[in-house]
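A quick write-up on the structure given underneath.
The values are calculated or read from the model by the stated rules, or taken from the named source; none is laboratory data. In this text the structure is predicted, and so the values were computed from the model without any measurement. Cβ placement follows ideal geometry from the backbone for every residue including glycine, while neighbour counts extend to all protein chains displayed.
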There are 2 protein chains.
Amino acid sequence: MSDLPAEFALIARHFRPLAGPGALDLTDDAAVFAPPPGRDLVVTADAMVGGVHFLPDDPAGLVAKKLLRTNLSDLAAMGAAPLGYLLTVSVPRDTPDAWFADFAAGLAEDQAAFGVSLLGGDTTSTPGPVSLSLTLLGTVAPGGAVLRSGAKPGDGLWVTGTIGDGALGLLAAQGRLADPTGFLADRYRLPRPRMNIARQGLVSAGMDVSDGLVQDVGHLCRASGCAAEIMSIQVPRSEAARAAGEAYLPLCLTGGDDYELALAVPPASAAAFIAHATGQGVAVTRIGGFVAGPPGVRVLAADGTPMALPRGGWSHFA
Amino acid sequence: MSDLPAEFALIARHFRPLAGPGALDLTDDAAVFAPPPGRDLVVTADAMVGGVHFLPDDPAGLVAKKLLRTNLSDLAAMGAAPLGYLLTVSVPRDTPDAWFADFAAGLAEDQAAFGVSLLGGDTTSTPGPVSLSLTLLGTVAPGGAVLRSGAKPGDGLWVTGTIGDGALGLLAAQGRLADPTGFLADRYRLPRPRMNIARQGLVSAGMDVSDGLVQDVGHLCRASGCAAEIMSIQVPRSEAARAAGEAYLPLCLTGGDDYELALAVPPASAAAFIAHATGQGVAVTRIGGFVAGPPGVRVLAADGTPMALPRGGWSHFA
């Protein structure tokens, strides 16, 4: 049920230009399309709330991109290609038209960058903060999805990009950490989903790092029924993250919002994996490995002793 | 990124039992499944916000059902069969576990009733009211979706069930209208999506009535490029709605939340359409017809004169 007085005009003005094949110009009850034949469907959904997942004064276009990209990152983790998305937007009644224009402009840019289009959605009012939800559909070759459950003892543990920028970037965006170049805040506000990196045959398991490296590697361990060791000095950190000082290393290892990939790579495919990722322009780093044992993550300091971490660290989930 | 301290336990306890094939127990980054071969996909999404789309003290199980059913109603309008859904739930941090238990119990009942299962989603906190979003996936025979755009002058305008109970039910739930049996409030809180009624070959166009009969028939007219006439005395009202008195007729014609279907039925298929709907246990009523002319809706009073309505009525959208 529509409850925003200008809902239809608003949708026509800002969202209809984003509508892709099957969306029926957003004027019907649902989108209809023939899925690519002979492919599995991959679907994921994420919600973002103002004041919780983004800062109230973050530009709407960046918020839109972050929402789309966090979902793209989930598809990237499974080795899936994105297809289209549905979006629900709940906003205060006095939200200015310029907010929607900026929000839609951000989506338009990322639709072009990632090859997706809008399939449908809903726009409502809320007495609370901006509340967003996005469902992303994608496809993968039948049985070709990379799951969390495939890691085996002996596999290397690899990550894309750099780790910790998201958590440090939140501090920077809040004015609680120096960020002279703005690099860290930008990393917090705008994830870079690592599409086309996770691929069956090269990796045995994977997920995206959104809740903190140690906790997320713990999820891989739990799903795969093995343990993992992380060599903290091998964890790649950006120049800006290193400039913050070693006191921030624990936060880099446990903070959220990186949207890099953590991947299990069998030794036999490591060379091909590196070549593939490099060909995609994405740096990958081996930070440890999977070992036999009850599910859990051991993080080792430079001297080889286990690190005590504020959360995560060695833990048993059973 | 998870931000509810007990998010994982909460998902495992309440949502994992709802997970269907392909959902990977809600423990991976996305759901993966092979879509039914040779079918078109139909996807729709709706958001609901506490204090806007439901009353703050509405039972969580009913809210969950309403959210699922409003989406089912969109699929019903297109003649599609539901497959599965993704759900995002943003709740205040102090939301009691019992709320989730009731919410999930409502979903479980409706999953059984409508043959759908949970594919994925997200749970977050919010400083605002409960904010929900549901994306429903379904399928239809290739090219078999019933669209809004197929109505032709000469087609009859038909509705399922009774019209106006949703708007009167909101008044009743707010204590602003007598509702001795509770029938009206129940109709507001729990839509009955009319699955398996809209079918190509029997109907030429359709949509669900969620924003008010007159406005929604206006959407059919705009999409189909013709006009419609509604005979107000033919519009089926429930016994409870009639008991409220004729003063409420305009509200019945323009109020929202009915989740019945408005369908264009060619005269040649009217008999088959009635037989089909009756076989499904759903009453259908002809309330007027489509006529040539610029898109718009004329509502006629018992004496044949156009009714003036608070919103809707005869209007041009061009």
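If A:Leu157 satisfies all but one of (1) within 17 Å of A:Arg242 (Cβ to Cβ); (2) out of contact with any Ser or Thr (no Cβ under 6 Å at 6 or more places or on another chain), what's the number of the condition it fails?
For A:Leu157, the exception is condition (1).
Among the residues of the stretch A:41-52, write down those that are of a type outside the set (Gly, Ala, Ser) and surrounded by 22 or more Cβ atoms within 10 Å (Cβ to Cβ).
Applying the first criterion (of a type outside the set (Gly, Ala, Ser)) to the stretch A:41-52 yields A:41-44, A:46, A:48-49, A:52.
Those that are of a type outside the set (Gly, Ala, Ser) and surrounded by 22 or more Cβ atoms within 10 Å (Cβ to Cβ): A:Leu41, A:Val42, A:Val43, A:Thr44, A:Asp46, A:Met48, A:Val49.
Among the listed residues B:Pro17, B:Pro35, B:Pro21, B:Pro56, which satisfies the condition of being touching a Pro at 6+ places or on another chain (Cβ under 8 Å) and surrounded by fewer than 17 Cβ atoms within 10 Å (Cβ to Cβ)?
Result: B:Pro56 is the single residue among B:Pro17, B:Pro35, B:Pro21, B:Pro56 that is touching a Pro at 6+ places or on another chain (Cβ under 8 Å) and surrounded by fewer than 17 Cβ atoms within 10 Å (Cβ to Cβ).
Would you list the strands (runs of 3 or more DSSP E) that sit entirely within the stretch B:24-112 and hold 3 or more residues that are closer than 28 Å to B:Ala6 by Cα and of a type in the set (A, V, I, L, M)?
Strands (runs of 3 or more DSSP E) meeting the threshold: B:40-49, B:81-91.
Suppose we filter A:Ser210, A:Ser204 for residues that are hydroxyl-bearing (Ser, Thr, Tyr), surrounded by fewer than 24 Cβ atoms within 10 Å (Cβ to Cβ) and at the interface with chain B (Cβ under 10 Å from one of its Cβ atoms); which single one remains?
Among A:Ser210, A:Ser204, only A:Ser210 is hydroxyl-bearing (Ser, Thr, Tyr), surrounded by fewer than 24 Cβ atoms within 10 Å (Cβ to Cβ) and at the interface with chain B (Cβ under 10 Å from one of its Cβ atoms).
B:Ala173 fails exactly one of the following numbered conditions: (1) more than 14 Å from chain A (Cβ to nearest Cβ); (2) surrounded by fewer than 20 Cβ atoms within 10 Å (Cβ to Cβ); (3) not β-branched (Val, Ile, Thr). What is the number of that condition?
Going through the list (1) more than 14 Å from chain A (Cβ to nearest Cβ); (2) surrounded by fewer than 20 Cβ atoms within 10 Å (Cβ to Cβ); (3) not β-branched (Val, Ile, Thr), B:Ala173 breaks only (2).
Can you find a residue in the stretch B:243-250 that is closer than 26 Å to B:Leu190 by Cβ, in contact (Cβ under 8 Å) with a residue 40 or more places away in the chain and either basic (Lys, Arg) or surrounded by 24 or more Cβ atoms within 10 Å (Cβ to Cβ) (or both)?
So far as the stretch B:243-250 goes, no, none of its residues is closer than 26 Å to B:Leu190 by Cβ, in contact (Cβ under 8 Å) with a residue 40 or more places away in the chain and either basic (Lys, Arg) or surrounded by 24 or more Cβ atoms within 10 Å (Cβ to Cβ) (or both).
Any residue that is closer than 14 Å to A:Thr160 by Cβ and modelled with pLDDT of 95 or more - is there at least one of those in the stretch A:220-229?
Restricting attention to the stretch A:220-229, the residues satisfying the condition of being closer than 14 Å to A:Thr160 by Cβ are none.
Within the stretch A:220-229, not a single residue is closer than 14 Å to A:Thr160 by Cβ and modelled with pLDDT of 95 or more.
For the stretch B:251-282: of the residues being among the polar types (S, T, N, Q) and within 19 Å of B:Arg192 (Cβ to Cβ), which is surrounded by the fewest Cβ atoms within 10 Å (Cβ to Cβ)? Give the derivation first.
Of the residues in the stretch B:251-282, the ones among the polar types (S, T, N, Q) are B:254, B:269, B:278, B:280.
Next cut, within 19 Å of B:Arg192 (Cβ to Cβ) only: B:278, B:280.
Values: B:Thr278: 11, B:Gln280: 13.
By that ranking, first place goes to B:Thr278.
Of the conditions (1) out of contact with any Gly (no Cβ under 8 Å at 6 or more places or on another chain); (2) in a helix (DSSP H, G or I); (3) modelled with pLDDT of 95 or more, A:Phe8 satisfies every one except a single condition; which number is it?
Of (1) out of contact with any Gly (no Cβ under 8 Å at 6 or more places or on another chain); (2) in a helix (DSSP H, G or I); (3) modelled with pLDDT of 95 or more, only one is false for A:Phe8: (3).
Determine, yes or no, whether A:Val291 is touching a residue at least 40 places away in the same chain (Cβ under 8 Å), on the phi < 0 side of the Ramachandran plot and crowded, with 19+ Cβ neighbours inside 10 Å. Don't jump to the end; show me each part of the working.
Values: touching a residue at least 40 places away in the same chain (Cβ under 8 Å): yes; on the phi < 0 side of the Ramachandran plot: yes; crowded, with 19+ Cβ neighbours inside 10 Å: no.
When the stated conditions are applied, A:Val291 does not pass them.
If you scan the stretch A:13-44, which residues turn out to be touching a helix residue (DSSP H, G or I) at 6+ places or on another chain (Cβ under 7 Å), touching a residue at least 24 places away in the same chain (Cβ under 8 Å) and facing chain B (nearest Cβ under 8 Å)?
Scanning the stretch A:13-44 gives A:Ala30, A:Ala31, A:Val42, A:Thr44.
When only residues in the stretch A:45-68 that are over 21 Å from A:Gln111 (Cα atoms) and among the hydrophobic types (A, V, I, L, M, F, W, C) count, which is farthest from the other protein chains (Cβ to nearest Cβ)? I'd like the intermediate steps shown before the answer.
Step one: filter the stretch A:45-68 for residues over 21 Å from A:Gln111 (Cα atoms), giving A:49-53, A:55-57.
Subsequent filtering for residues that are among the hydrophobic types (A, V, I, L, M, F, W, C) retains A:49, A:52, A:55.
Values: A:Val49: 5, A:Val52: 6, A:Leu55: 13 Å.
For the stretch A:45-68, the residue satisfying everything is A:Leu55.
Could you go through the stretch A:129-150 and let me know if any residue there is away from chain B (no Cβ under 13 Å) and in a strand (DSSP E or B). Can you show your working first?
Here is the first cut: in the stretch A:129-150, the residues away from chain B (no Cβ under 13 Å) are none.
Among the residues of the stretch A:129-150, not one is away from chain B (no Cβ under 13 Å) and in a strand (DSSP E or B), which makes the answer no.
Report, by residue number, each residue of the stretch A:280-308 that is more than 15 Å from A:Val203 (Cβ to Cβ) and either hydroxyl-bearing (Ser, Thr, Tyr) or in a helix (DSSP H, G or I) (or both).
A:Thr305
Any residue in the stretch A:183-195 that is part of a helix (DSSP H, G or I) and either in contact with a Lys or Arg (Cβ under 9 Å, 6 or more places away or on another chain) or within 13 Å of chain B (Cβ to nearest Cβ) (or both)? If you could, list the steps in order and put the result at the bottom.
If we filter the stretch A:183-195 for residues that are part of a helix (DSSP H, G or I), which is where we start, we get A:183-189.
Checking the rest, the ones that are also either in contact with a Lys or Arg (Cβ under 9 Å, 6 or more places away or on another chain) or within 13 Å of chain B (Cβ to nearest Cβ) (or both) come to A:188-189.
Scanning the stretch A:183-195 turns up at least one residue that is part of a helix (DSSP H, G or I) and either in contact with a Lys or Arg (Cβ under 9 Å, 6 or more places away or on another chain) or within 13 Å of chain B (Cβ to nearest Cβ) (or both).
So in the stretch B:98-128, with the set limited to residues that are in contact with a His (Cβ under 8 Å, 6 or more places away or on another chain) and more than 25 Å from B:Val42 (Cα to Cα), which one is farthest from the other protein chains (Cβ to nearest Cβ)?
Within the stretch B:98-128, the subset in contact with a His (Cβ under 8 Å, 6 or more places away or on another chain) is B:100-101, B:103-104, B:124.
Adding the requirement that they be more than 25 Å from B:Val42 (Cα to Cα) leaves B:100-101, B:103, B:124.
Details: B:Phe100: 15, B:Ala101: 20, B:Phe103: 15, B:Thr124: 5 Å.
Residue satisfying both the conditions and the ranking: B:Ala101.
Which of the numbered conditions does A:Thr27 fail, given that it passes all the others? Conditions: (1) surrounded by fewer than 21 Cβ atoms within 10 Å (Cβ to Cβ); (2) touching a Leu at 6+ places or on another chain (Cβ under 9 Å).
(2)
The rows are residues; the columns are (1) among the charged types (D, E, K, R); (2) touching an Asp or Glu at 6+ places or on another chain (Cβ under 7 Å).
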position	(1), (2)
A:Trp158	no, no
A:Gly161	no, yes
A:Ala167	no, yes
A:Asp179	yes, no
A:Gly182	no, no
A:Ala185	no, yes
A:Tyr188	no, yes
A:Pro193	no, no
A:Asn196	no, no
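Read through the list (1) surrounded by fewer than 21 Cβ atoms within 10 Å (Cβ to Cβ); (2) in contact (Cβ under 8 Å) with a residue 12 or more places away in the chain; (3) in the same structural domain as A:Leu263 (by TED's automatic domain parsing), then give the number of the only condition that A:Asp102 fails.
(3)
May I ask you to verify whether A:Asp179 is of a type outside the set (Gly, Ala, Ser), over 26 Å from B:Ala6 (Cα atoms), outside the structural domain of A:Gln234 (by TED's automatic domain parsing) and part of a loop (DSSP other than H, G, I, E, B)? First the steps, then the outcome.
Values: of a type outside the set (Gly, Ala, Ser): yes; over 26 Å from B:Ala6 (Cα atoms): yes; outside the structural domain of A:Gln234 (by TED's automatic domain parsing): no; part of a loop (DSSP other than H, G, I, E, B): yes.
Spelling it out, it is not the case that A:Asp179 is of a type outside the set (Gly, Ala, Ser), over 26 Å from B:Ala6 (Cα atoms), outside the structural domain of A:Gln234 (by TED's automatic domain parsing) and part of a loop (DSSP other than H, G, I, E, B).
Just to be sure I understand the filter: pairs with C-beta atoms under 7 Å, separated by 6 or more residues or on different chains, first member in the stretch B:74-89 and more than 7 Å from chain A (Cβ to nearest Cβ), second member of a type in the set (Asp, Glu) and surrounded by 24 or more Cβ atoms within 10 Å (Cβ to Cβ). Which pairs pass?
Within 7 Å, the pairs are B:Ala76/B:Asp208.
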